[in-house]
Amino acid sequence: LFPPTLIGREQWDLFAQLRMAPATVRQGLHWKLLCGTEDNLIEINRAFHHYALARGVGHQYDEYPGKHDWPFWDGHAVESLDFLAAHLAGAEG
């Protein structure tokens, strides 16, 4: 999906990936982003949400009580898998 020239830190930087992705790729994306309100990464998640909005990247962003740990992820696994399954099914049809 993204340019193969990304190296080092850029290959893991979603901001850089969105910035460099062709418009056709950005328009075809639909991501689910969720974060716990007590997660140390909440501010970067909020920033990425607004960055994606500004670039017209389809996504669903939700915040829930919790932090960056297994109980949080386990509590949202079914919801996330349902989202993924629905969008993969839509992509096939």
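The values are calculated or read from the model by the stated rules, or taken from the named source; none is laboratory data. Note that this is a predicted model, so its numbers are computed, not measured. Every residue, glycine as well, gets a Cβ built from its backbone with ideal geometry; the counts of neighbours run over all protein chains shown. Note: areas computed on protein heavy atoms with side chains; ligands, DNA, RNA excluded. Shrake-Rupley method; radii C 1.70, N 1.55, O 1.52, S 1.80 Å.
For the range 22-29, backbone phi angles converted through the Karplus equation (6.51, -1.76, 1.60; θ = phi - 60°) give residue-by-residue couplings of x, 4, 5, 5, 4, 5, x, 7 Hz, Gly and Pro being listed as x. Summing +1 for each Lys or Arg and -1 for each Asp or Glu among the other residues whose beta-carbon sits under 13 angstrom from that of Asp39 gives -3.
The Lys67 and Phe15 beta-carbon pair, evaluated with R₀ = 22 Å, returns a calculated FRET efficiency of approximately 0.45.
Around the amide H of Trp31, modelled in the peptide plane, lie the amide H atoms of His59, Gln60, all under 5 Å away and 5 or more residues distant in sequence or on another chain. Accessible surface of Asp82, taken over heavy atoms with a 1.4 Å probe and every protein chain present, rounds to 100 Å².
Computed with a 1.4 Å probe on the full set of protein chains, the accessible area for His68 sits at about 100 Å².
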